[in-house]
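The values are calculated or read from the model by the stated rules, or taken from the named source; none is laboratory data. On a predicted model such as this, the values are computed, not experimentally measured, just so you know. Here the Cβ positions follow ideal geometry from the backbone for every residue, glycine too, while neighbour counts run over all protein chains shown. Remember, those area values only see protein heavy atoms, side chains included, never the ligands or the DNA or RNA. Shrake-Rupley method; radii C 1.70, N 1.55, O 1.52, S 1.80 Å.
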Amino acid sequence: MKLPRRHFLHLAAGAAALPAAPQIAWAQAPSARATLFPTGKLRVALIASNPVLVTRGTDGSLGGVSVSVARTLAARLGIPVELKPHDNPMRYNESLASDDWDIGLAARDPSRAEYLAFSVTFMEVDNGYVARAGATPTTAEEVDRAGVKIAVAQGSAPHTVLTRLIKNAEIIQVPGGFDSAREALATGKADVYGENLHLAHRIADALPGAQVLPGRFNVVQMAIGVRKRAASALPTVDELVNGMRSDGTVEKAITEAGERGVRVPN
């Protein structure tokens, strides 16, 4: 999914206009600069189907926590930002082997470590289940039982975790996002959907009889994935992420997005 050029220009201008901490002095580290953003702008990969990371306005513009973090990071580095949204986790994973972007804002997922080195966590996200009307499980602990069908976004961090944890229930892979999750439950394709609790609550609000089950199966750490070639720049990225955590940038973005089941790490 590509945005019109005017959106990229708007995003770049927005980054420059943000109130920012003093820009990082990259002159002393030209090699780190060349490896982190070799094109002279920060190309940022996003997973557009995950509303805990990305929101979309009525005009199609992108917002949300990861967009705020990306814009602030670029502003404090003193460079333009170019957002590279991907439709779902699988599309994001498929792009890992390309050189189409410089950093990715997504889960710290071990399956992505072949290509990425991860920053400190900028946000923690609770993962749990939303159950369709009439489903047998009543808590998260009751889900892993024979005969229960768990839908999960293919290639997502919850998918990685559930593949490891689930021993008895059946895992059903679906495309990521609100629509496919709601469809899986509404049609009876699955009994529960495993996802971040923010999206789980949205699905429960939209699907008659659906409910978010008490409990959780994982806590996902959202971080900035830096290309392995730019791992030497991680100390600077960590410094900037810690700054955004402490100065309220991330907390403000969470509040503005109205998110549930997420928090800034202590």
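Before we move on, is Arg91 basic (Lys, Arg), modelled with pLDDT of 90 or more, surrounded by fewer than 21 Cβ atoms within 10 Å (Cβ to Cβ) and assigned to a helix (DSSP H, G or I)? Don't jump to the end; show me each part of the working.
On the way: basic (Lys, Arg): yes; modelled with pLDDT of 90 or more: yes; surrounded by fewer than 21 Cβ atoms within 10 Å (Cβ to Cβ): yes; assigned to a helix (DSSP H, G or I): yes.
Yes.
I need the full set of residues from the range 240-254 which are open to solvent by 50 Å² or more (accessible area, probe 1.4 Å) and either modelled with pLDDT under 95 or not in a helix (DSSP H, G or I) (or both), in order please.
The initial filter retains those residues of the range 240-254 that are open to solvent by 50 Å² or more (accessible area, probe 1.4 Å), namely 242, 245-247, 251-252.
Within the range 240-254, Asp247 is the sole residue that qualifies.
Among the residues of the range 184-201, write down those that are part of a helix (DSSP H, G or I) and free of Cβ contacts under 8 Å to residues at least 40 places away in the same chain.
Our first condition is that a residue be part of a helix (DSSP H, G or I); within the range 184-201, this holds for 184-186, 197-201.
Selection gives Ala184 alone.
Please identify the pairs in which a residue from the range 84-112 that is within 12 Å of Arg43 (Cβ to Cβ) has its Cβ atom under 6 Å from the Cβ atom of a residue that is assigned to a loop (DSSP other than H, G, I, E, B) and open to solvent by 10 Å² or more (accessible area, probe 1.4 Å), counting only partners at least 6 apart or on another chain.
Pro85/Met1; Pro85/Ala48
Please go through the range 54-69 and give me each residue that is more than 14 Å from Ile254 (Cα to Cα) and either crowded, with 21+ Cβ neighbours inside 10 Å or not β-branched (Val, Ile, Thr) (or both), ordered by number.
Restricting attention to the range 54-69, the residues satisfying the condition of being more than 14 Å from Ile254 (Cα to Cα) are 56-62.
Those that are more than 14 Å from Ile254 (Cα to Cα) and either crowded, with 21+ Cβ neighbours inside 10 Å or not β-branched (Val, Ile, Thr) (or both): Arg56, Gly57, Asp59, Gly60, Ser61, Leu62.
Having 3 or more residues that are within 20 Å of Glu259 (Cβ to Cβ), among the acidic types (Asp, Glu) and out of contact with any His (no Cβ under 8 Å at 6 or more places or on another chain) is the bar; report the strands (runs of 3 or more DSSP E) wholly within the range 96-167 that clear it. Spell out how you get there, then give the answer.
Numbers: elements: 103-107, 116-131, 149-153.
So the answer is none; nothing clears 3.
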